[in-house]
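What follows is one structure encoded as structure tokens, with my remarks underneath.
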Amino acid sequence: MDNRPPSPVPEVGVAVFLLKGKTVLLGRRRSSTGHNTFALPGGHLEFGESFEECAARELKEETGLDIEKIEFLTVTNNVLLEEVKPVHIVAVFMRASMADPNQLPQNIEPDKCDGWDWYDWKNLPKPLFGPLETMVLNGFNPFPADVI
């Protein structure tokens, strides 16, 4: 009988670049993975859920915002060994805009996030959550070509 703990299984997460002008919505994480880093809204993909459904659900659960024009951007493979509990995240990145541009984000899950705010893409807060930081350092731009 093998008494070793099971090897970690990759998790699938969906993160959303919610854009407003030349800014993106970020919140400071309170969870053990990426604690105190700035990250996009998002969360775990549920069984049978599309990426678009997950993006809309997670945004609503975390910020109270409704989104539209949800589209796939890219996917990254992230093995985070420096965390309290090492984790392997396959992150699906989506882009969306607010259904109501005048609506303000709320911090609906204060146990998971210190709050949401809009940040200029060319002046992002630090530290960024690992997968997002890697994308930024590699020159990724979530904005349509006609915005930036």
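The values are calculated or read from the model by the stated rules, or taken from the named source; none is laboratory data. All figures in this text were calculated on a predicted structure; none of them were measured in a lab. Because the Cβ atoms are built from the backbone with ideal geometry, glycine has one as well, and the counts that use them run over all protein chains shown.
For first residues located in the range 90-118 and touching a residue at least 24 places away in the same chain (Cβ under 8 Å), partners that are of a type in the set (A, V, I, L, M) and not in a strand (DSSP E or B) and lie 6+ apart or on another chain with Cβ distances below 7 Å form the pairs MET94/ALA55; ALA96/ALA55; MET98/LEU65; GLN103/LEU65; PRO105/LEU65. The set of residues from the range 124-136 being modelled with pLDDT of 95 or more and surrounded by fewer than 17 Cβ atoms within 10 Å (Cβ to Cβ) comprises LEU124, PRO125, LYS126, PRO127.
There is no residue in the range 55-73 that is surrounded by fewer than 18 Cβ atoms within 10 Å (Cβ to Cβ), closer than 22 Å to TRP121 by Cβ and modelled with pLDDT under 95. Taking the range 119-144 as the range and being of a type in the set (A, V, I, L, M, F, W, C) and free of Cβ contacts under 8 Å to residues at least 12 places away in the same chain as the test, only LEU137 passes.
Residue-level check: of (1) part of a strand (DSSP E or B); (2) out of contact with any helix residue (DSSP H, G or I) (no Cβ under 8 Å at 6 or more places or on another chain); (3) of a type in the set (Phe, Trp, Tyr), PHE93 misses just (2). Count of the range 31-48 residues, restricted to those that are loosely packed, with under 15 Cβ neighbours inside 10 Å and either touching a strand residue (DSSP E or B) at 6+ places or on another chain (Cβ under 8 Å) or modelled with pLDDT of 95 or more (or both), is 6.
Is it the case that some residue within the range 30-49 is basic (Lys, Arg) and closer than 21 Å to ASP120 by Cβ? Please lay out each step first, then the result.
We begin by selecting, within the range 30-49, every residue basic (Lys, Arg); these are 30.
Now drop any that are not closer than 21 Å to ASP120 by Cβ, which leaves none.
Scanning the range 30-49, I find no residue that is basic (Lys, Arg) and closer than 21 Å to ASP120 by Cβ, so the answer is no.
Summed over the range 7-61, residues that are among the acidic types (Asp, Glu) and within 22 Å of GLU83 (Cβ to Cβ) total 2. Restricting attention to the range 118-125, does a residue exist that is in a loop (DSSP other than H, G, I, E, B), within 13 Å of LEU25 (Cα to Cα) and of a type in the set (Phe, Trp, Tyr)? The answer is yes, given that some residue of the range 118-125 is in a loop (DSSP other than H, G, I, E, B), within 13 Å of LEU25 (Cα to Cα) and of a type in the set (Phe, Trp, Tyr).
For the range 29-39, state whether one or more residues are within 19 Å of PRO110 (Cβ to Cβ), of a type outside the set (Gly, Ala, Ser) and assigned to a strand (DSSP E or B). Write out each step before concluding.
Keep residues of the range 29-39 that are within 19 Å of PRO110 (Cβ to Cβ), which gives 29-39.
Now drop any that are not of a type outside the set (Gly, Ala, Ser), which leaves 29-30, 33, 35-38.
Still in the list and also assigned to a strand (DSSP E or B): 29, 38.
There is at least one residue in the range 29-39 that is within 19 Å of PRO110 (Cβ to Cβ), of a type outside the set (Gly, Ala, Ser) and assigned to a strand (DSSP E or B).
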